[in-house]
Amino acid sequence: MPKMKSHSSLKDRVKITGTGKVMRYKAYKNHLMYGKSPSQKRTLSGQPIMATGDVKRLKQQLSLIKG
C-alpha cells in the first residue's frame, strides 16, 4: 500500500504548535497595508488559534503534518 500524503495546500496555510494546537493565518494582510488604518493593522497582527470544530474537520489532512 502506498504512503499517505498530507494535504499539500494545507501545509502552507496552517502551523501546528508544540502543544498540538493549530494556528491559522489571517486574510487581508498581504498587500495594500498603507491604505488600512492602524487599528485594523493591529487587529490583523498575530496568528489566531483555529477553532476546535475546524480542527476536528481537518484531522485527517493534518495527521501527517509535523510542527
> Out of (1) loosely packed, with under 11 Cβ neighbours inside 10 Å; (2) assigned to a loop (DSSP other than H, G, I, E, B), the odd one out for ASP12 is which?
Replying inline: (2)
> Hey, among the residues in segment 44-60 that are of a type outside the set (A, V, I, L, M) and in a loop (DSSP other than H, G, I, E, B), which one's surrounded by the most Cβ atoms within 10 Å (Cβ to Cβ)?
Replying inline: GLN47
> Pairs, please: C-beta under 7 Å, at least 6 apart or cross-chain, first residue over 22 Å from LYS11 (Cα atoms) and in segment 25-41, second surrounded by 10 or more Cβ atoms within 10 Å (Cβ to Cβ) and among the basic types (Lys, Arg)?
Replying inline: MET33/LYS41
> Taking GLY67 and the conditions (1) touching a helix residue (DSSP H, G or I) at 6+ places or on another chain (Cβ under 8 Å); (2) in a loop (DSSP other than H, G, I, E, B); (3) modelled with pLDDT under 85, which numbered condition does it fall short on, given that it satisfies the others?
Replying inline: (1)
> In segment 24-48, which residue that is closer than 24 Å to LEU62 by Cβ and among the charged types (D, E, K, R) is nearest to the chain's Cα centre (by Cα)?
Replying inline: ARG24
> Among the residues of segment 26-43, is there at least one that is at pLDDT 90 or above, basic (Lys, Arg) and loosely packed, with under 11 Cβ neighbours inside 10 Å?
Replying inline: yes
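The values are calculated or read from the model by the stated rules, or taken from the named source; none is laboratory data. Since the model is a prediction, treat every value here as computed from it, not as a measurement. With ideal geometry, Cβ positions are generated from the backbone for all residues, glycine too; neighbour counts draw on all protein chains shown.
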